[in-house]
Structures are given as structure tokens and as C-alpha cells.
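Bear in mind that the values in this text are calculations on the coordinates, not laboratory data. From a predicted model like this one, the values you see are computed outputs, not experimental measurements. Using ideal geometry, Cβ is built from the backbone for each residue, glycine included, and neighbour counts are taken over all protein chains shown.
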Amino acid sequence: MSGAPLQPGATIGIIGGGQLGRMLAMAAARFGYTIAVLDPSKDCPAAQVATTLIVGPYDDEPTLRCLFEMSDVVTYEFENVPVEPVRAVIGDTPLHPPAEALEVSQDRVVEKAFLNGIGVATAEWRAIDTADELGHALLDLGGDCILKTRRFGYDGKGQARINAETTFTDAFEEIGRAPAILEKKVPFAFELSVIAARGQSGEIVAYDPAENVHTLGILKTSTVPGQITAEIAERAKAMASQILTHLNYVGVIGVEFFVGKDGTLVVNEIAPRVHNSGHWTEAACLCSQFEQHIRAIAGLPLAPTDRHFACVMENLIGDDVAQFDALVAEPAAVLHLYGKAEARRGRKMGHVTRVKARTSGI
Ligand code: ADP
Ligand code: MG
């Protein structure tokens with residue numbers, strides 16, 4: 001479906017007012033759009049930049065209806081948006097990306113089955129409902145494995161490693177005996193992600209992949225280009241593009257990959273939204289992932305994804321943000337804070353992207 005381009009003054013609705021919603025709202029504001037955000041907390045990061053904030057639960061139909069009725073298009077900043085209440089209120093207001101993208105990415109089993117179904121490689125996996133099934137699946141897959149809850153995992157939460165020293169019943173307890181997926185551990189050389197976008201007429205663009213390093217399950221740095229060769233980058237972009245097409249997607253997607261020593265690419269997971277590993281685009285590209293997403297959902301032309309710097313994005317987690325004076329004084333860095341009052345341990349407070357100028361001779 002291809003709508004007329006949204007004009008300045010139109011309203012973009014965003015489900016979720018965390019830092020991603022905040023940065024989407026800021027990008028939308030630059031095109032003169034009005035922004036309505038729905039979040040359960042009046043103090044959410046997007047509250048400081050939204051035109052209208054609707055405070056309420058995500059699964060409440062009257063609250064969702066209010067957002068859809070005041071918006072010309074609705075999008076979301078997280079994949080755990082409750083699908084049924086959203087479908088019930090959608091009416092004539094387009095939802096981008098589509099609800100199917102939520103269904104696929106909310107459940108790790110559905111996600112893996114979808115990816116394998118379109119010919120995209122993942123870790124070997126088995127769906128797990130009981131401790132018995134877990135025992136059998138471990139024998140079947142062999143070696144080190146990771147048990148993950150099917151739903152609601154993020155930043156490494158809801159996961160238990162299983163190796164020779166751990167018993168599988170302990171691992172099942174650790175994730176609260178929730179419906180799960182058992183994944184064989186992929187012996188990757190490094191991790192990368194692709195941020196790509198699909199517009200309403202089906203055109204696709206992709207940013208250069210970033211090499212990602214996680215600390216305690218939380219993304220710490222994204223480095224571009226890092227150790228990613230042009231050949232690996234092209235293959236990863238092509239796989240992201242294939243996923244976008246199959247989902248009939250509109251908007252920005254984040255696709256996380258494991259890269260083997262021989263360059264083999266395996267998809268870890270997909271996020272139907274702007275992604276933490278794409279924050280560097282605001283410093284190294286003319287059009288950030290946030291603007292690109294707004295362009296796609298508003299029916300505007302997608303923008304070039306050329307990268308003008310090599311760069312490293314570092315997440316500022318918890319107390320890291322206390323270095324404000326030093327960070328803001330760095331000459332080759334773009335600092336972005338999320339306006340969160342309290343710097344709790346493990347909480348993403350902001351990020352900084354350090355760029356390395358390309359020698360152009362100009
Ligand atoms: P989250 O939703 O918390 O990001 P992920 O499935 O991406 O969950 O897992 C977090 C991290 O754990 C990954 O980025 C990777 O470093 C590691 N990991 C997850 N699954 C596997 C696997 N099958 N093999 C090896 N490492 C894995
Ligand atoms: Mg992940």
C-alpha cells in the first residue's frame with residue numbers, strides 16, 4: 001500500500017516513549033510533524049519531546065483507540081506491543097511496520113520458524129514446553145546450548161546457558177519454566193547487525209553493518225566498519241532485504257547476525273523497529289535511522305545511507321553518564337542523552353558516537 005506523503009502538521013503516533021520513541025519523535029519534529037506518544041509513564045524519555053503524551057497501558061483498547069484516532073499513521077518503538085488490542089482499534093489509520101512483524105518477532109520460536117521458512121539460516125533450535133522435552137532436545141542438539149524464554153526477553157534477560165557443568169532442570173528453573181526455545185550455541189567470531197528500511201513502494205535501503213560487542217548481555221559498542229569486509233556486508237544486507245520483502249514491511253528493521261570464522265552468516269534475531277546498534281547513523285550519515293523510519297512510515301522518499309565517517313558508538317550505561325563534562329567536551333563525538341532522571345545499574349542513559357574523519361583532501 002502506498003499512501004500520499006504525509007505533510008508537515010500531520011500527526012505521527014508512537015507506541016512506547018522510551019529512548020527510541022524519543023529519538024523518533026525528535027526526527028519527526030524536524031519535518032514539522034506533530035507527535036503523539038503512548039506510554040504507561042508520564043515521566044518516560046519521550047515525554048520531554050512529544051506534542052501529546054497519552055498515559056496508559058499498552059493493552060487498553062480505549063487508550064489505544066485514542067492514539068489511533070488522533071494519528072495519521074501509527075508506529076512503535078518496541079516489539080512487545082500487544083497485537084490483539086492493536087488490531088481491534090486499527091480502523092483506517094495505517095500501522096507501520098505491520099502487525100505481522102510484531103507477531104514474528106515477539107516469539108522466538110515463531111521468529112526462527114519464519115526465518116528458516118524463507119531460507120535464512122539461524123542457530124539450530126527446538127521448542128521447549130517441559131523439562132522432559134528439554135532433556136531430549138539437549139541430547140538431540142548436543143554441546144553447549146542456550147535456553148531462552150520464547151517471549152519478553154531483552155538485554156540477555158530470560159536466558160540460561162547450558163554446558164557440561166549445569167543441569168538442564170536448573171536452567172529450566174532459572175527461566176521460570178516458561179515456554180522456551182533451546183538454541184545451539186553458535187561459535188561466532190563476532191556479531192554484526194544491519195539496519196535496513198523498506199518504503200511504501202517497496203524500495204529498500206540498508207546502512208553499513210556494525211560490529212557489536214555486548215557486556216553482560218547489554219550492547220556496549222557498535223563499530224563501523226569494524227572487521228566487516230565489503231563482501232560480508234553485502235551478504236548481510238541482502239539477507240536483511242529478503243526479510244523486509246517477505247514481511248511486506250514498511251519502516252526500519254534491525255537484524256542481528258552471528259559471523260562465523262569462515263564468514264558464514266546466521267541470523268540471531270530481528271527487531272521490527274529502530275535499533276540500538278544503529279544509533280551511530282545520527283553521527284556518520286546525513287539521514288539517521290530515526291529519520292529514515294519516519295520517511296518510510298510517512299510515505300516520503302527514502303534517503304541515501306552513505307556513511308561519511310568510520311565510527312564507534314558506545315552506550316552510556318548506569319554511572320557512565322556521570323562523565324558528562326568530559327563527554328560533552330570531546331571534539332569528534334556526538335553525545336545523545338535520554339533525559340532519564342535516575343542512573344540505575346544496567347540502565348541505558350545515553351550514547352556517544354566517536355567519529356574518525358575520512359581523509360578526503362578537501
Ligand atoms: P536479547 O533479546 O536479549 O538481545 P539475544 O538472543 O540477542 O537476546 O541474545 C543476547 C546475546 O547472547 C547475543 O547478542 C549473543 O551475544 C548471545 N547469544 C544469544 N544466542 C546465542 C547463540 N545461539 N549462540 C551464541 N551466542 C548467543
Ligand atoms: Mg539481541
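The modelled label-to-label distance for the pair Gln323/Thr167, using points 7 Å beyond Cα in the direction of Cβ, is 4.4 nm. All other residues with a Cβ under 13 Å from the Cβ of Asp262 taken together, and with Lys, Arg as +1 and Asp, Glu as -1, what is their net charge? Here the charged neighbours net out to +1. Note on the chain: percent of Cα-Cα distances in each 10 Å bin, starting at 0 and stopping at the bin with the largest distance, equals 5, 23, 33, 27, 10, 1, 0.
Ranked by the mean number of other Cβ atoms within 10 Å of their residues, highest first, the peptides 135-145, 49-59 fall in the order 49-59, 135-145.
Under 13 Å from a label point 7 Å along Cα→Cβ of Ala238: give me every residue in the range 258-282 with its amide N that close. In the range 258-282, the label zone of Ala238 (backbone N under 13 Å from the point 7 Å along Cα→Cβ) covers 265. The relative contact order of the chain comes to 15 percent, based on Cα pairs under 8 Å that sit 6 or more residues apart. Give the residues of the range 175-212 whose amide nitrogen is closer than 13 Å to a point set 7 Å from the Cα of Ala121 in the direction of its Cβ. Answer for this model: 186-189.
Please work out the FRET efficiency for the pair Gln227 and Val55, using the Cβ-Cβ distance as r and a Förster radius of 35 Å; give the result to the nearest 0.05. Approximately 0.20, to the nearest 0.05. Charge tally for Glu69 (other residues, Cβ to Cβ under 13 Å; Lys, Arg +1; Asp, Glu -1): -2.
One chain, two ends: His308 and Asp43. Fully extended at 0.36 nm per residue, the span grows by 91.9 nm beyond their Cα-Cα distance. The label-point distance for Asn248 and Arg345, in a model that sets each label 7 Å from Cα toward Cβ, rounds to 4.8 nm.
Remark: for residue pairs Lys185/Lys261; Lys157/Lys184; Lys42/Lys220; Lys220/Lys348, the C-alpha separation exceeds 19 Å in Lys42/Lys220. Computed on the range 141-289, with alpha-carbon pairs under 8 angstrom and 6+ residues apart, the relative contact order is 21 percent. Here the sum of -39500 (n - 2.57) over DSSP H runs of 4 or more residues, divided by the residues of the chain, equals -8000 deg cm²/dmol at 222 nm, to the nearest 500. With a sphere of radius 12 Å drawn around the Cβ of Ile204, what net charge do the other residues whose Cβ falls strictly inside it have (Lys, Arg +1; Asp, Glu -1)? Residues near Ile204 contribute +1 overall.
Packing, as the average of other Cβ atoms within 10 Å across residues, places the peptides 245-255, 96-106 in the order 245-255, 96-106, highest first. For the listed peptides 309-317, 325-333, a ranking on the average number of other beta carbons within 10 Å per residue, highest first, reads 309-317, 325-333.
Between Glu84 and Leu216, the simple label model (points 7 Å from Cα in the Cβ direction) yields a spacing of 3.7 nm.
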